[in-house]
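Below: the structure, in structure tokens.
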Amino acid sequence: MRESGNATAVSAGLQAGDYKAVSTLYNALMTGLVLTLVSQRGAADAADFVVAHFRHQHLEKFLPGLKKLGLDGLPHAVACAQYHYFSNALGGVKTEYIPESDKKAWVRYPPPRWIWQGTAICGVPRQVNEAMLHGWHGHNGVSLGNPRLGFVCTGQTVLGDPGLEGYYFEYDHELSSAERVRFAPDERCPPLDPAAQPRLDSASWPAERRMRVERSYAAEYVRTLMPVMRALFPAEAAQALIGRAGRLIGLQFRDEAARLTGVEGRDARAFARMLHRLALAHGETAELDEGSATVTQTGWRLMDGVAVDPDWAFAAWKPLWEGMCAAHDRFLSLDSEFRGDAIVWRVRS
């Protein structure tokens, strides 16, 4: 890696904040894209995206995740609730688990609801929030081959409740597709016993390792949203929607990324340094020539194995960094060249 004017290879010395910057940006991009769909295309299209997005992730992650977490031998309701507890907590999401029996187990997401960050929660329609439950929670029984398992939602933060909460329940009869997610706002989750919460091994991990896991968790949103958007909307429209959200997030979160990465200054070289650190924090192979404010990345691990045209995906993704550059200094420009096996960024005055 090159991080000097004469392009001498040196260690980047990544810290926990570098990984946190990537996860912050990508969590915000996911939220921003949903709000972009709400504002530009309406709640119905936004809900369709959220269902498809979380179903895509469910089909990829749920059963392998159960096995990896050692939950595949538990009663189904308990296994599902613990899966959400462990997997979300590893991703940095506040989550609570309250078991009642082998056939009934609660999972609760107390505020703040990170997926609808900050004031964004005020712009999320009910049907868009519920789409996440239809996309993932309601499909757990199908994936497990248990047609009696459903999810009952008893509270939603977007409606003013003190958290998104509900329970997995195994009925005595097979459920229709419409019964897999049920809403029961008059029911309430039992009190939490902190001492009874399952222990997360990650609690003892170094901060850098925890941030790497959070980074990977957030990056999966980008890996999923690309093919889902391409499947739901015409190519040009999907690219423009992702790009619009990305540019706004880049503009809005530049200062936070600079704070987390510890990069100071507002010139072209400073932005190139930040871009380099963020590329490395992605897990990419990248070199910095600070003298020419150029970052050269070999390959694109972020999109490896994703079933979408890489040229299309790059054009949708790059406005995030262009927006960040514009906020860094509005008189700079960020030129990019995507070669398939390399990405070259040049920051120009």
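Observations, loosely collected:
- For segment 89-109, the condition holds for at least one residue, the condition being that it is surrounded by fewer than 20 Cβ atoms within 10 Å (Cβ to Cβ) and assigned to a helix (DSSP H, G or I).
A quick yes/no check of all residues on (1) within 22 Å of ARG223 (Cβ to Cβ); (2) in contact with a Gly (Cβ under 6 Å, 6 or more places away or on another chain); (3) of a type outside the set (Lys, Arg):
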residue	(1), (2), (3)
ALA257	yes, no, yes
LEU260	yes, yes, yes
GLU264	no, no, yes
ARG269	no, no, no
LEU275	yes, no, yes
SER292	no, no, yes
VAL295	yes, no, yes
LEU302	yes, no, yes
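- Any hit, segment 312-321, residues being in a helix (DSSP H, G or I), under 21 Å from ALA16 (Cβ atoms) and touching a residue at least 60 places away in the same chain (Cβ under 8 Å): no
- Residue in segment 65-78 that is surrounded by the most Cβ atoms within 10 Å (Cβ to Cβ), counting only those that are closer than 13 Å to LEU144 by Cβ and without any contact (Cβ under 8 Å) to a residue 24 or more places away in the chain: LEU66
- Some residue of segment 218-230 being within 25 Å of GLY70 (Cα to Cα), in contact with a Phe, Trp or Tyr (Cβ under 9 Å, 6 or more places away or on another chain), outside any loop (DSSP other than H, G, I, E, B) and modelled with pLDDT under 95: yes
- The set of residues in segment 124-164 being buried (at least 20 other Cβ atoms within 10 Å of the Cβ) and in a loop (DSSP other than H, G, I, E, B) consists of VAL124, TRP136, GLN156.
- Taken together, the residues in segment 100-128 that are farther than 22 Å from TYR171 by Cα and either over 19 Å from the mean Cα position of the chain (by Cα) or free of Cβ contacts under 8 Å to residues at least 40 places away in the same chain (or both) amount to 8.
- Residue in segment 183-203 that is modelled with pLDDT of 85 or more and touching a helix residue (DSSP H, G or I) at 6+ places or on another chain (Cβ under 6 Å) present: no
- Just one of the listed residues (ALA43, ALA52, ALA47) is of a type outside the set (Ser, Thr, Tyr), in contact with a His (Cβ under 9 Å, 6 or more places away or on another chain) and closer than 22 Å to ALA231 by Cα, and it is ALA47.
- Selection from segment 217-255 of residues that are crowded, with 18+ Cβ neighbours inside 10 Å and among the polar types (S, T, N, Q): THR224, GLN239
- Meets criteria (modelled with pLDDT of 95 or more, of a type in the set (A, V, I, L, M) and assigned by TED's automatic domain parsing to the domain that holds ALA77) for ALA238: no
- Here ALA307 meets each of (1) loosely packed, with under 14 Cβ neighbours inside 10 Å; (2) touching a helix residue (DSSP H, G or I) at 6+ places or on another chain (Cβ under 8 Å); (3) among the aliphatic types (A, V, I, L, M); (4) under 26 Å from GLY13 (Cα atoms) with one exception, condition (4).
Condition check ((1) at pLDDT below 95; (2) under 15 Å from ARG247 (Cβ atoms); (3) charged (D, E, K, R); (4) touching a Leu at 6+ places or on another chain (Cβ under 6 Å)) across all residues:
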position: ALA268; (1), (2), (3), (4): no, no, no, yes
position: GLN297; (1), (2), (3), (4): no, no, no, no
position: LEU302; (1), (2), (3), (4): no, no, no, no
position: ALA327; (1), (2), (3), (4): no, yes, no, yes
position: ARG330; (1), (2), (3), (4): no, yes, yes, no
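- Residue match in segment 163-179 (condition: modelled with pLDDT of 95 or more, out of contact with any Gly (no Cβ under 8 Å at 6 or more places or on another chain) and of a type in the set (A, V, I, L, M, F, W, C)): yes
The values are calculated or read from the model by the stated rules, or taken from the named source; none is laboratory data. Keep in mind that what you see is a predicted model, and the values were worked out from it rather than measured. Positions of Cβ are backbone-derived with ideal geometry, glycine not excepted, and every protein chain shown enters the neighbour counts.
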